[in-house]
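Notes for the one structure printed next.
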Amino acid sequence: MTGKGGFRRKKIVGDLSDPEGLAAYRERFIDSLRLANHSPVGIDNRRRNIDYFIEWCETRGLTRPKEITPPILERYRRTLYYYRKEDGDPLSFRSQYIRLTALRAWFKWLSKQNYLLYNPAADIELPKLEKRLPKHVLTIEEAETVLRQPNLDEPLGLRDRAMLEVFYSTGIRRQEMINLRLYDLDRERGTLMVRQGKGRKDRMVPIGARAIAWCEKYLYEERPQLVTAKDMETFFLTNLGEAFTPERVTQVVGRYVTKAAIGKTGSCHLFRHTMATLMLENGADIRYIQEMLGHVKVDTTQIYTQVSIRRQGDVLPTEVAEEVTEADLLAALAAEQQEETEEN
């Protein structure tokens with residue numbers, strides 16, 4: 001459902017008038033996440049995936065948590081497996097995994113708070129995630145082709161070029177781009193402050209001189225035409241002078257990737273994968289890349305070791321490949337792929 005200005009209005013799922021209903025307990029769970037200082041994006045994702053389950057339950061006359069049993073959750077798991085989207089494609093195993101882990105967290109909380117005598121989701125079987133490397137990574141030439149796509153003679157072209165340059169130079173996440181404020185860019189030191197990234201952690205990342213130059217051009221020439229009294233500090237603004245929504249950022253970046261006609265698809269995470277892989281191939285220490293990407297564990301960053309090996313035709317020493325065990329790589333891929341699924 002879309003409201004004024006193209007922004008999606010949140011649909012209220014479930015019957016909130018029943019204090020013992022699924023929707024009421026969902027709201028209590030969401031409040032507990034807020035009190036625990038979970039990120040707004042993470043909370044929204046949990047809500048959305050619980051809402052899918054509540055809608056499924058309502059069509060079957062199930063309205064209260066006490067009515068949910070392990071066999072019912074197994075039926076829901078099978079429904080996710082056989083579900084087909086409008087284009088006929090099934091849900092990816094990553095999407096199924098994310099929906100089910102949200103339910104596991106919710107029912108674990110319900111039983112911990114003694115709203116349920118036992119946790120019906122405790123033994124739910126999660127799909128095994130595929131061990132897949134990032135589908136696409138750009139070469140330097142391909143990245144430059146995408147960067148040249150914004151028409152600087154058109155309104156917002158300068159803004160879009162600056163956004164692409166920041167993604168390419170820093171590898172920050174989509175939400176981190178949205179959260180940027182004017183004072184986060186330190187032009188003299190060549191750094192960008194990422195505030196409240198994933199895990200609610202701040203970090204400082206380097207940003208290249210070219211990206212800074214494009215940002216300055218945008219700030220002085222185009223942003224003054226967009227800014228309103230409503231939002232004076234947000235770095236990148238929409239044509240309405242407001243902060244971007246995640247969906248809008250994906251749309252803007254993805255459009256230029258498609259327009260470049262390089263035979264690859266993707267959006268914000270495509271530049272994240274590209275930046276990390278190119279840095280690794282040019283000799284950057286993996287711990288340094290880990291800090292830039294904001295990964296808690298280096299295992300997550302090491303997927304780019306595998307990407308680099310694949311791109312170079314396995315010409316690197318075998319000891320490098322053996323640094324990452326299959327279990328470590330699978331765990332790392334699961335973390336990064338879940339993040340990419342949430343962003344898209």
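The values are calculated or read from the model by the stated rules, or taken from the named source; none is laboratory data. Quick caveat, the model's predicted, so the values are computed rather than measured. Neighbour counts are summed over all protein chains in view; Cβ atoms, including those assigned to glycine, are modelled from backbone coordinates with ideal geometry. Accessible surface areas use protein heavy atoms only, side chains included; no ligands, DNA or RNA. Shrake-Rupley method; radii C 1.70, N 1.55, O 1.52, S 1.80 Å.
Odds and ends about this structure:
- Anisotropy class assigned to region 1-104 is rounded, per the alpha carbon gyration tensor with a/c under the 1.5 cut-off.
- Solvent exposure ordering (accessible area, 1.4 Å, most first) of ARG78, ARG64: ARG78, ARG64
- THR79 accessible area, assembled protein chains, probe 1.4 Å, Å²: 50
- With 30 Å as the limit on Cα-Cα distance, the pairs of LYS201/LYS259; LYS66/LYS201; LYS11/LYS112; LYS11/LYS259; LYS85/LYS259; LYS66/LYS128 that go past it are LYS201/LYS259; LYS66/LYS201; LYS11/LYS259.
- Ordered from highest to lowest accessible area with the whole protein assembly present and a 1.4 Å probe, THR139, THR63 read as THR63, THR139.
- Here the alpha carbons of region 164-220 define both size measures, Rg and Dmax, at 10.6, 33 Å.
- Rounded FRET efficiency, nearest 0.05, which uses the C-beta distance separating THR258 from ALA122 and R0 of 51 Å: 0.70
- Region 128-192 shape via C-alpha gyration tensor axes, a/c threshold 1.5: oblate
- Extended-chain gain in nm, criterion 0.36 nm per residue less alpha-carbon gap, GLU67 and ILE43: 6.2 nm
- Computed over region 9-111, relative contact order equals 27 percent, with contacts defined as Cα pairs under 8 Å that lie 6+ residues apart.
- Environment charge at ILE124 (Cβ cut-off 15 Å; Lys +1, Arg +1, Asp -1, Glu -1): +4
- An oblate overall shape is assigned to region 51-136, the ratio a/c of its alpha-carbon gyration tensor axes (a ≥ b ≥ c) being 1.5 or greater and a/b not exceeding b/c.
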